[in-house]
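The values are calculated or read from the model by the stated rules, or taken from the named source; none is laboratory data. Just so it is clear, the model here is predicted, and its values are computed rather than measured. Neighbour counts are summed over all protein chains in view; Cβ atoms, including those assigned to glycine, are modelled from backbone coordinates with ideal geometry. All accessible areas refer to the heavy atoms of the entire protein, side chains included, with ligands and DNA or RNA removed. Shrake-Rupley method; radii C 1.70, N 1.55, O 1.52, S 1.80 Å.
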Amino acid sequence: MDDNCLFCKIIKGEIPSTKVYEDELVYAFNDINPAAPIHILVIPKKHIDCLANISDEDEKYIWAIHKAINKIATMQGFIEKGYRLIVNCGKDSGQEVMHLHYHILAGEKFGDKIV
Ligand code: 5GP
Ligand code: ZN
């Protein structure tokens, strides 16, 4: 964990968040500034700054994130209608928080609105 990282602080409970899902490897919570009716952030319980910097030892976190996404989609009832994932990585993407996070967007039909 990184003491100066916003999302590490959220995992530790030092900054409040609305928890959606949690297991040994993953924490998921509502985005504070939702871009869709459902906007959830899924993060590893390890400080990895960006997808570009994952290593072999991070494999279990990446798999756990993907499993968690489908658990959340099932729990919240949007698994059938679908969802969109966004992972920003690095400067050109506009990534603001340097702790790997998957945005789950759901609850509306996006069409070509984003990509
Ligand atoms: P990025 O642009 O880095 O991919 O996305 C960062 C996301 O984190 C943004 O969608 C932003 O709304 C969200 N965010 C930033 N600070 C907080 C916070 O303190 N709490 C929550 N729940 N979300 C946050
Ligand atoms: Zn962190």
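Structure data summary
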read-out: Which listed residue is assigned to a loop (DSSP other than H, G, I, E, B), surrounded by 12 or more Cβ atoms within 10 Å (Cβ to Cβ), within 16 Å of ligand 2 (Cβ to nearest atom) and among the β-branched types (Val, Ile, Thr), from Ile65, Ile10, Ile48; value: Ile48
read-out: Residue among Ile62, Ile48 that is among the β-branched types (Val, Ile, Thr), out of contact with any strand residue (DSSP E or B) (no Cβ under 6 Å at 6 or more places or on another chain) and more than 30 Å from Lys109 (Cβ to Cβ); value: Ile48
read-out: Extreme residue, most open to solvent (accessible area, probe 1.4 Å), among residues of the stretch 29-45 that are in contact (Cβ under 8 Å) with a residue 60 or more places away in the chain and farther than 20 Å from Gly94 by Cβ; value: Pro37
read-out: Long-range neighbours under 6 Å by Cβ, at least six apart or interchain, first residue closer than 16 Å to Pro34 by Cα and part of a loop (DSSP other than H, G, I, E, B) within the stretch 80-93, second among the β-branched types (Val, Ile, Thr) and open to solvent by less than 50 Å² (accessible area, probe 1.4 Å); value: Tyr83/Ile104
